[in-house]
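Written below as structure tokens is the structure these notes are about.
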Amino acid sequence: MDIFSIIGTVDYGALLPELFLLGFALVVMLLEPFLPERYKPVNFYLTVFGLLAAAGGSLWLWNRAGVNFGGMATSDNFAVFFRLVFIAGTLLTVLVSKNYLASEKFANGEYYALLLFSTLGMMFMAGSLDLMVIFLGLEVMSIPLYILAGFRKADVRSNEAGMKYFLIGAFASSFFLYGIALVYGATGTTHLQEIYNQLPTLQGRGDFLIYAGAALLTVGFAFKVAAVPFHMWAPDVYEGAPTVVTAFMSAGPKAAGFAALLRTFALFLGDYKEAMVAVFWVLAVLTMTVGNVLALVQSNIKRMLAYSSIAHAGYVLVAVVAGGPDGVSAALFYLLAYTVMNIGAFAVVLAVEGKEGSNQIGDYRGLVNRHPYLAAAMTIFMLSLTGIPPTAGFVGKLYIFSAAVSANQIPLVVIAVLNSLVSVYYYLGVVVAMYMHPSPAAEKNQSFYSLPLMLVLALTVWGTLQLGIFPQALLRAASDSLVGLF
Amino acid sequence: MDLVGLIPLLPILGFAAIGLGGRWLPKKAVSILGPGVVGASFLMTLAVFFQLFSLPPSERRVVTSLFSWVVAGNFSVDISFLVDPLSMVMALVVTGVGFLIHVYSVGYMGEDPGYRRYFAYLNLFTFSMLCLVLSSNFLLMYLGWEGVGLCSYLLIGFWYEKKSAADAGKKAFIVNRVGDFGFALGVMLIFTTFGTLDFGGVFSQAPALSTEGGQRIATAITLLLFLGAVGKSAQIPLYTWLPDAMEGPTPVSALIHAATMVTAGVYMVARCHALYLLAPFSMAVVAVIGALTAIMAASIGLVQNDIKRVLAYSTISQLGYMFLACGVGAFTAGIFHLVTHAFFKALLFLGAGSVIHALSGEQDLRKMGGLRKYMPATYTTFLIATLAISGVPLLSGFFSKDQILSAAFFSPQGGNFLWLLGIVTASMTAFYMFRLFFLTFTGGCRASEEVQHHIHESPHSMTVPLMILGFLAVVGGYIGMPHALGGVNAIAGYLAPVFADLPHLPEPSLGMEYLLMATSVVVAFLGISLAYFFYVRSPQAAERLRQNFLYTLLLNKYYVDEIYQALIVSPIVAGSRWVWERFDLGIIDGAVNGSARLVEKLALRGRQLQTGYVRQYAMAVVMGVVIILAYLVWG
């Protein structure tokens, strides 16, 4: 088949969001060198517009599944749901970035273009039916992240973050790629549906290879979602990377990892279900426990949120163990809720960092006197991350745990609940510091914030409460996302 | 009917705007927005009301479902509103009287530093109250029920720097918890019995409970629900919070603790009449508690010296009347009295507020007097309200109270005894109200020179609502003018579709009805004359009464607060202290601290693994890979 006939068969409609992102990313990147200094904000607006266009395209694709590239890419509802989660995460990041970039004097065209490329990679991951495309997406997503983590070129910690992330990331990617090779060796294909069709016929050597392949694929995903013991890069990278990048990394890429993981293993399981469930069970327990326990002793809020994000990956792994439509839709809902509340929390961190130049939890003492609105918003995010009603985090956990209970994973739920209990301590520790400890210095309330930041706080607070009080619409969307998956 | 969603939405938007706007919102905007949203909500209610009225009577029950709220397994609850004659009466009272009180507050609270906070709370209250009365299921009703409780707490303790106000807020909240606990249990029992919380579903299945076992369940449900009503509507034994609630700003007392929230219990009982009818015992309990509360509160009101406390006991007493009506099966009369009471009691409170405002915050009747010449508008409207509540013929209170007394007398569930309690209460009501009126407005002024110097009539934003309420307190009764006086009793006809399942009461003989009516008129004038004698003609006689043992007993409110303190509060505090010291500090905290130390140790140990060296991170990855591989391939 020659290239032109392939181009002729592409369903461009099904690729609309990706095409928008690609187009805007290229425009932003190519325009950057030609923009005079005072027109630099154009990059920001172009990026926002591109994301909104991609969101519109995604919404249009809801219930309009189309398959592309010989069945390698799809735009089913599952992909649409995740595209919207990614766009939400990226858009919120872009909004908080505007002033941050100005104060850090970043070259903003590159920055925005890299964010868009990374988001594009996530979209490939979520919309892919083929292991090769998943891998492609994984790399398209990860490489901009490596660069972004080291974006503060003059800062040693940022350099270290970028370097570490790159080295460990490349290492993990190689396992993933090897896993694909083994699966191909067993089945002669990398297409998920075809692999799935072949599973019942495999014996002997094929069986051996498929297990080995599944193990390595799991490692690849576990690395991306920072599951223990593949998590060790996360705290260092989160702390060293520029805060805006940390916010970005903690949400979208994690969701993308789970999107590909869910798609791969939801189809993959069959007779292999029991063994894989055992692996994910252990990963879930380790991830939740290590994340929560280590978060307890952190004094830097970015590091605390890094361990917290590990712990939350553990909760989503509980949903993966639960499996089935209930488990997967619970995972989808949780990832959206997590994106909203976590980026909200990072927005507050960013604002405090900008105002007071510190990321130490100790410096949040008496924040309510200096920045009452930031403190109030942070309280909502902390309550939500803890899982206290009426917030998104509560509903998310409720649905994950109830899915796990109906899948008869009672001990796992008990462990998860105990873990939530541990997390109360460090999340509410922030609230206690903000409200109950006196300010170190008697400063007056000086709340003035940039418009994009206020917009992000308003959106994330609203989202956290909306999903917590009226979750039905999104729960339904999450379960509608599974059409054709099961 | 689609507009019904807007009725509660507008006040919550007002709450959000004022609450979030904070200092950025100019005070003027708050003065417009706060009352404005409630006024708009009132117009919406009127529109829905007329839409409902255009339907044939049998179809006047429309449920509008906005969206599904909670879905968990077979349990599902919608955010949905019920528009029927009963809910519309309540919504009209809440938004109508509520609007007037909001306007009044613009003047009354004008100088208060917490002006914005005040209107935010008031709007939130209106929203919660509308959820309560418009809900079409028990869960949303419960949300409103708790919401109004919260707002009541916040507004009683509005001047929280004052210890007595903060304590009163706490007391209201805690006492109400007892009732709410019963209400919550009742709602749960309803769900386990009927499998739904939807009014339509519950009440249509209710007749299935007419078996003997079913009646026991119905009795349990209704008694639990009534416990909630006893708390919210301040009946024996949970009424003690309401007099203390007078620590809040006076318009709050008018809105929450007279016209709307405290009547929620009456509304709830009337709404659940289908269940109450199955439980004769519960009906009897409701009637007896109502009658006893009416007479007890009225007797305490006879001697109180704080103008607002007299009105508070009067409110408790009048709420007792409403429950008496419900208990004898005369739900229409109960709701009718609820409406007229909302008019004249809100007016009395607002009038009292105007007086307090003029006297620089003075609330003691002994330091008032002679205000008639300073405050003509307040005087006139207050007189109207006093006449109305005393049961003077041709004013609103006369009609509604008379319906209740006549129902208590004629209904098979009623009886002479209940009627007697009611009629004695009526004469006491006339007495204490005119005592209050005379002490406030007639005679010479007993205030200090300093205070007298400042006495002034209140601004228009306060007097205009007084006049409107005064008008309503006069004419409000004509919607329920009895057949015996040649009226048509419009409210009974209007509410008939709601109470269509009520058994028909025996038609009383006309002569007997006239006789009862005459009796109530006589006792009302008896009470008024006594008050005139003691407080205008010969105040020395009133002084002599003070030596009486009964007087002391009443002045101290039968020592109920002290008894509760000794029998309930102190033992609980002592017991809690014991549990706290022995059990909580020793065992629980010991265990918690122990496990926390354990976790912390683990964490410190775990942290050492995070060395920062990439080679060790890679090693961890490799180990993970090996373990997973080993498990999957050879496991």
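Taking a virtual spin label 7 Å from the Cα of B:Tyr558 along the C-beta vector, which residues in the stretch B:200-242 bring their backbone nitrogen under 16 Å of it? Counting backbone N atoms under 16 Å from the label point, the list is B:230-231, B:234-242. Computed from the Cβ-Cβ distance with R0 of 56 Å, the FRET efficiency linking B:Glu111 to B:Ala591 stands at 0.60. Roughly speaking, what is the centre-to-centre gap between the stretch B:78-117 and the stretch A:33-61 when only Cα atoms are used, to the nearest Å? A separation of 46 Å, based on Cα centres.
All C-alpha pair distances within chain B, sorted into 10 Å bins from zero, spread as 3, 15, 25, 24, 15, 7, 4, 3, 2, 1, 0 percent across the bins.
Buried between B and A is an accessible area of approximately 3000 Å², summed over both sides with a 1.4 Å probe. Computed from the C-beta positions of B:Arg446 and B:Val569, the FRET efficiency with R₀ = 56 Å rounds to 0.95.
Taking only Cα atoms, what is the 0 to 90° angle, nearest 10, from helix A:273-296's long axis to the longest principal axis of chain A? The angle comes out at about 10 degrees. Amide H to amide H, with H built 1.01 Å from N, A:Ala73 comes under 5 Å of A:Asn68, A:Leu129, counting only residues 5 or more places away or on other chains. Counting only other chain Cβ atoms within 10 Å of each residue's Cβ, the peptide B:456-469 averages 0.
Dimensions of the stretch B:2-131 from C-alpha coordinates, computed as largest minus smallest value along each principal axis and given longest first, are 50, 38, 17 Å. The mean number of partner chain beta-carbon atoms within 10 angstrom of a residue's beta-carbon across peptide B:615-628 is 6.
Spatial offset of the stretch B:381-437 relative to the stretch A:253-315 amounts to 70 Å, using the alpha carbon center of each. At a threshold of 10 Å², the residues of the stretch A:154-170 that become less accessible to a 1.4 Å probe in the full protein assembly than in their chain on its own are A:Lys164, A:Leu167, A:Ile168.
The stretch B:1-52 has equivalent-ellipsoid semi-axes of 26, 10, 5 Å, by the square roots of 5 times the alpha carbon gyration tensor eigenvalues, sorted largest first.
A probe of 1.4 angstrom, applied to the heavy atoms of all protein chains, finds A:Lys224 with accessible area near 10 square angstrom.
Multiplying the residue separation of B:Leu43 and B:Gln547 by 0.36 nm and removing their Cα-Cα distance gives an extension gain of 176.0 nm. Working note: Cα atoms of the protein assembly as shown, range along each principal axis, descending, whole Å: 109, 67, 63.
Placing +1 on the Cβ of each Lys and Arg and -1 on the Cβ of each Asp and Glu in the stretch A:269-486, which of A:Met434, A:Val340, A:Thr289 has its Cα farthest towards the positive end of the resulting dipole? Of A:Met434, A:Val340, A:Thr289, it is A:Met434.
Can you list, largest first and rounded to whole Å, the semi-axes you get for the stretch A:360-459 by taking the square root of 5 times each eigenvalue of its Cα gyration tensor? Over the Cα atoms of the stretch A:360-459, the semi-axes work out to 33, 16, 7 Å.
Sort the following peptides by mean Cβ neighbour count (other Cβ atoms within 10 Å, averaged over residues), highest first: A:206-219, A:38-51, B:361-374, B:386-399.
B:386-399, A:206-219, A:38-51, B:361-374
Protection proxy ranking for B:573-582, A:287-296, using the average of other Cβ atoms within 10 Å per residue and placing the highest first: A:287-296, B:573-582. Surface exposure of the protein assembly as shown, expressed per residue as accessible area with a 1.4 Å probe, stands at 38 Å².
Averaging Cα coordinates gives a centre for the stretch B:491-521 and one for the stretch A:342-372; these two points are 67 Å apart. The label-point distance for A:Leu428 and A:Ser358, in a model that sets each label 7 Å from Cα toward Cβ, rounds to 2.4 nm. Scalar couplings 3J(HN,Hα) for the stretch A:17-26, obtained by applying the Karplus form with A = 6.51, B = -1.76, C = 1.60 to θ = phi - 60°, are x, 5, 5, 4, 4, 4, x, 5, 4, 5 Hz; x denotes Gly and Pro.
Cross-link pairs exceeding 30 Å in C-alpha to C-alpha distance, out of A:Lys153/A:Lys355; A:Lys98/B:Lys601; A:Lys224/A:Lys355; B:Lys162/B:Lys401; A:Lys302/B:Lys27; B:Lys232/B:Lys401, comprise A:Lys98/B:Lys601; A:Lys224/A:Lys355; B:Lys162/B:Lys401; A:Lys302/B:Lys27. Note on B:Ala518 and A:Lys273: their simple-model spin labels are 8.6 nm apart, each label 7 Å out from Cα toward Cβ.
Could you rank the peptides B:622-629, A:450-457, B:262-269 by their average count of other C-beta atoms within 10 Å per residue, with the highest value first?
Going from most to least packed, we get B:262-269, A:450-457, B:622-629.
Remark: the stretch A:269-486 is approximated by an ellipsoid whose semi-axes, taken from the C-alpha gyration tensor as √(5λ), come to 34, 19, 12 Å, largest first. The calculated pair-distance distribution of the stretch A:25-151 uses every alpha carbon pair, bins of 5 angstrom beginning at 0, and gives 2, 11, 19, 22, 19, 13, 8, 4, 2, 0 percent.
Taking the Cα centre of the stretch A:193-298 as origin, work out the dipole magnitude from +1 charges on Lys and Arg Cβ and -1 charges on Asp and Glu Cβ, in debye rounded to 20.
So the magnitude is around 100 debye.
On the basis of the beta-carbon distance and an R0 of 30 Å, A:Glu104 and A:Val282 show a calculated FRET efficiency of 0.15. Remark: the stretch A:269-486 carries a charge dipole of roughly 380 debye about the Cα centre, counting +1 on each Lys and Arg Cβ and -1 on each Asp and Glu Cβ. Extension gain, B:Lys28-B:Ala220: 0.36 nm per intervening residue step, less the Cα-Cα distance, totals 64.0 nm. Between B:Ser461 and B:Arg605, the distance separating the two model label sites (each 7 Å from Cα on the Cα→Cβ line) works out to 6.7 nm. Inter-chain Cβ neighbour count for A:214-222, averaged per residue, equals 4 (cutoff 10 Å, partner chain atoms only).
The values are calculated or read from the model by the stated rules, or taken from the named source; none is laboratory data. None of the values given here were measured: they were computed from a predicted structure. Glycine also receives a Cβ, built like all others from the backbone with ideal geometry; neighbour counts cover every protein chain displayed. Please note that ligands, DNA and RNA were not included when accessible areas were found on the heavy atoms of the full protein model with its side chains. Shrake-Rupley method; radii C 1.70, N 1.55, O 1.52, S 1.80 Å.
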